[in-house]
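Below is one structure, written out as structure tokens; the observations come after it.
The values are calculated or read from the model by the stated rules, or taken from the named source; none is laboratory data. This structure is a prediction, so every number in the text was calculated from the model and none was measured. Note that each Cβ is placed from the backbone with ideal geometry, even for glycine, and that neighbours are counted across all protein chains shown.
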Amino acid sequence: WLGLDGQVVIVTGGASGIGKHVVDTLVKVGAKAVAVDLNVKTGDELDGAYCVQCNVTDPESVNQMVQAVLAKYGKIDALVNNAGINLPRLLVDVKGEKPEYELNEDSFGKMFAVNVKGVFLCAQAVARELVKQGHGVILNMSSESGKEGSQGQSAYSATKGAVDSFTRSWAKELGKYNVRVVACAPGIMEATGLRTAAYNEALAYTRGVKPEDLSTDYSKVIPIGRDGKLDEVGSLVAYLVSDQASYITGTTVNISGGKSRG
Ligand code: NAD
């Protein structure tokens, strides 16, 4: 029904978390999924997906990745710009106990490098091919916090605001070439590789709670009463990159159990 059989879909950050579930869903519906990540070896197979090692912040690495996919499959039908990092940091550490959890040039630069520059570099390299082919889809992984903001995650949220904005502009530029550009914005999801012990410690400090007190009673904050499953993002992404979504472009679709407003 989705018509993704034989479609070549690149998924950055495809070795872990949401990206891995997107890859698994795509493989299940017959797509030729390519798992692109720092943590894979080019030529390996990961549960039915072809792997290409790439650092999305490095233009040369991104171009080599695109060439490797073209050498293997001869075409690209869609790109899922999913690789992302999140370093919780306060704008000002008023308590003055943990200056390392105050936003600085290093943490700001790292998040913008992966979440914004990486999205731009992959989109540009793949768009050159999609425009030549006269069809294709770019899907950018945003976040609820891009629209809503998030305590202790201002720079991360700003990177996702940038992703939403890129999505709207690129859709306007590329629509005439039959290339769609969409985003999806997960809300609170079950744990992924992103939630390391270091992440939890930083997040807890920026929220003024203990790491063990981070978990929430989701029924109070999420209308559907639970956090989101990674498979649910996989299903949405498969739909959005398929021809079933052929009139959806230039927008960010929420997947947050009813929590996001915008
Ligand atoms: P994750 O840490 O489990 O996976 C991210 C993957 O990206 C990892 O495999 C990592 O190796 C890869 N990666 C990181 N930097 C890279 C680079 N420079 N080049 C290539 N690959 C790189 O994270 P996740 O939670 O699955 O997040 C995936 C995406 O979903 C991110 O864009 C994140 O912002 C977004 N998101 C996550 C949540 C959530 O609750 N987990 C919510 C909203 C949005």
*Near pairs, Cβ below 7 angstrom, 6+ apart or cross-chain, from region 210-227 (touching a residue at least 24 places away in the same chain (Cβ under 8 Å)) to any residue that is loosely packed, with under 12 Cβ neighbours inside 10 Å and outside any loop (DSSP other than H, G, I, E, B)*: 225/219
*Residues within region 222-250 that are buried (at least 16 other Cβ atoms within 10 Å of the Cβ), of a type in the set (Val, Ile, Thr) and in a loop (DSSP other than H, G, I, E, B), tallied*: 2
*Inspect region 104-119 for any residue being away from the ligand (no atom under 13 Å from the Cβ), closer than 22 Å to residue 184 by Cα and modelled with pLDDT of 95 or more and give the result as yes or no.*
no
*Look at region 181-224 and say how many of its residues are polar (S, T, N, Q) and either in contact with a Lys or Arg (Cβ under 8 Å, 6 or more places away or on another chain) or closer than 30 Å to residue 243 by Cβ (or both).*
3
_So residue 155 ticks every box in (1) free of Cβ contacts under 8 Å to residues at least 60 places away in the same chain; (2) within 16 Å of the ligand (Cβ to nearest atom); (3) aliphatic (A, V, I, L, M) but one. Which box is left unticked?_
(1)
*Pick from 162, 197: which is surrounded by fewer than 21 Cβ atoms within 10 Å (Cβ to Cβ), within 16 Å of the ligand (Cβ to nearest atom) and farther than 30 Å from residue 238 by Cα?*
197
*Could you check residue 174 against (1) closer than 25 Å to residue 112 by Cα; (2) surrounded by fewer than 15 Cβ atoms within 10 Å (Cβ to Cβ) and say which number it fails?*
(2)
_Of everything in region 26-72, what is exposed (fewer than 14 other Cβ atoms within 10 Å of the Cβ) and of a type in the set (D, E, K, R)? Give them in sequence order._
41, 44, 45, 47, 60
*asked:* Looking at (1) closer than 28 Å to residue 15 by Cβ; (2) outside any loop (DSSP other than H, G, I, E, B); (3) among the polar types (S, T, N, Q); (4) out of contact with any strand residue (DSSP E or B) (no Cβ under 9 Å at 6 or more places or on another chain), which one does residue 219 not meet, given that it meets all the others?
replied: (1)
*asked:* Out of the residues in region 98-143 meeting the condition of being free of Cβ contacts under 8 Å to residues at least 60 places away in the same chain and in a loop (DSSP other than H, G, I, E, B), tell me which one is surrounded by the most Cβ atoms within 10 Å (Cβ to Cβ).
replied: 143
*asked:* Contact list please: Cβ distance under 6 Å, first residue in region 72-83 and over 14 Å from residue 54 (Cα atoms), second residue away from the ligand (no atom under 16 Å from the Cβ) and charged (D, E, K, R), pairs at least six apart or on different chains.
replied: 73/32; 76/129
_Conditions (1) assigned to a loop (DSSP other than H, G, I, E, B); (2) within 12 Å of the ligand (Cβ to nearest atom); number of the one not met by residue 147_ = (1)
*Scan region 189-236 for residues that are among the polar types (S, T, N, Q) and over 21 Å from the mean Cα position of the chain (by Cα) and report the count.*
4
*Restricting the search to region 127-144, which residues are over 16 Å from residue 175 (Cβ atoms) and aliphatic (A, V, I, L, M)?*
141
